[in-house]
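Here's the structure, in structure tokens; my notes come after.
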Amino acid sequence: MNADAQKRAAAARAVEFVRPGMKLGLGTGSTAKHFVDLVGERVRAGLDIVAVPTSEATRAQAEACGIRLTTLDETPALDLTVDGADEIDPHLSLIKGGGGALLREKIVAAASDRMIVISDPSKLVPTLGRFPLPVEVTPFGFTATLRAVEKAIAAIQLAGPLSLRLGKDGHPFVTDGGHWIIDAALERIDDPKAMAHALSGIPGVMEHGLFVGLAQTAIIGGPDGIKIIERP
């Protein structure tokens, strides 16, 4: 199987955890897209669930699939969120945000009783950090926030290059919440919990892409079949 087929296999296994009447969080990205499609198939076959999307792109996809949607204001407690990741370490700490939806993804995951992360084997890493860490910031005071992020990282470890994410038009990439993203090329993050704490304390930082203690289960679709990893 190629990588896309492996992602779809992982998504198909995650659908088996969905039960009638569940309140679901729907992730964003290429792997989560498979999950939404497959949930849509079950909904059209009669499955009764309600879901909260983590991005406008996922909202549009879910609506096209016929999935009944709600919001966290109407439904503040969810049973299950299924989402992808950019990196997954052995403790099921994650880097997310390559698609720019990290803030809504984390809010939805935190509101869920359980988070399952789905991926192909390429996302499994011994240590987080090779994928640039997204840090979502408000455009107001951007340069001051950038300096504060760099200082906070340097207090924990060697700070790699920080860059403002740009869109295809060459202008700053804008998230669904109207924010910008700093990508921190750190190569490795030896203490994700300390890094998460430091970044969360910076005024101007809306959220960061370290998901620590949120995912309970990882479902990995590989060339030899499905592998399920539970958080230690």
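Residues are listed down the side, and each one gets a yes or a no for (1) assigned by TED's automatic domain parsing to the domain that holds E87; (2) assigned to a strand (DSSP E or B); (3) without any contact (Cβ under 8 Å) to a residue 24 or more places away in the chain:
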position: D169; (1), (2), (3): no, no, yes
position: G177; (1), (2), (3): no, no, no
position: D183; (1), (2), (3): no, yes, no
position: A194; (1), (2), (3): no, no, no
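Among the residues of the range 85-138, those identified as within 13 Å of the chain's Cα centre (by Cα) and basic (K, R) are K96, R104, K106, K123. Within the range 145-164, if we keep just the residues that are among the β-branched types (V, I, T) and under 23 Å from the mean Cα position of the chain (by Cα), the residue that is nearest to L128 (Cα to Cα) turns out to be I153. If you check D183 against the conditions, is it out of contact with any Gly (no Cβ under 7 Å at 6 or more places or on another chain) and under 23 Å from S119 (Cα atoms)? When the stated conditions are applied, D183 passes them.
Do the conditions hold for I228, that is, is it surrounded by fewer than 17 Cβ atoms within 10 Å (Cβ to Cβ), β-branched (V, I, T) and not in a loop (DSSP other than H, G, I, E, B)? In short, yes. In the set (1) without any contact (Cβ under 8 Å) to a residue 12 or more places away in the chain; (2) buried (at least 23 other Cβ atoms within 10 Å of the Cβ), the condition left unmet by R59 is number (2). With the structure loaded, tell me whether A152 is crowded, with 16+ Cβ neighbours inside 10 Å, at pLDDT below 95 and either touching a helix residue (DSSP H, G or I) at 6+ places or on another chain (Cβ under 8 Å) or under 21 Å from A85 (Cα atoms) (or both) or whether it fails that test. Answer is no for this residue. Mind checking which residues of the range 1-27 are crowded, with 22+ Cβ neighbours inside 10 Å and under 19 Å from T75 (Cα atoms)? L24, G25, L26, G27, listed by residue number.
Evaluate the range 17-29: report whether one residue or more is among the aliphatic types (A, V, I, L, M), farther than 21 Å from A110 by Cα, at pLDDT 95 or above and assigned by TED's automatic domain parsing to the domain that holds I118. Let's see the steps before the verdict.
So the first thing to find is which residues in the range 17-29 are among the aliphatic types (A, V, I, L, M), and the list is 18, 22, 24, 26.
Restricting the remaining residues to those that are farther than 21 Å from A110 by Cα gives none.
For the range 17-29, residues among the aliphatic types (A, V, I, L, M), farther than 21 Å from A110 by Cα, at pLDDT 95 or above and assigned by TED's automatic domain parsing to the domain that holds I118: absent.
Counting just the residues of the range 88-140 that are more than 25 Å from A152 (Cβ to Cβ) and among the charged types (D, E, K, R), which one comes out surrounded by the fewest Cβ atoms within 10 Å (Cβ to Cβ)? Taking the candidates together, the pick is D113.
Taking the range 120-173 as the region of interest, how many residues are at positive phi and touching a strand residue (DSSP E or B) at 6+ places or on another chain (Cβ under 8 Å)? Reasoning before the result, please.
The initial filter retains those residues of the range 120-173 that are at positive phi, namely 129, 141, 170.
Subset that is touching a strand residue (DSSP E or B) at 6+ places or on another chain (Cβ under 8 Å): 129.
Qualifying residue count for the region: 1.
The values are calculated or read from the model by the stated rules, or taken from the named source; none is laboratory data. Quick caveat, the model's predicted, so the values are computed rather than measured. Don't worry about glycine lacking a Cβ; one is built from the backbone with ideal geometry, like all the others, and counts go over all protein chains shown.
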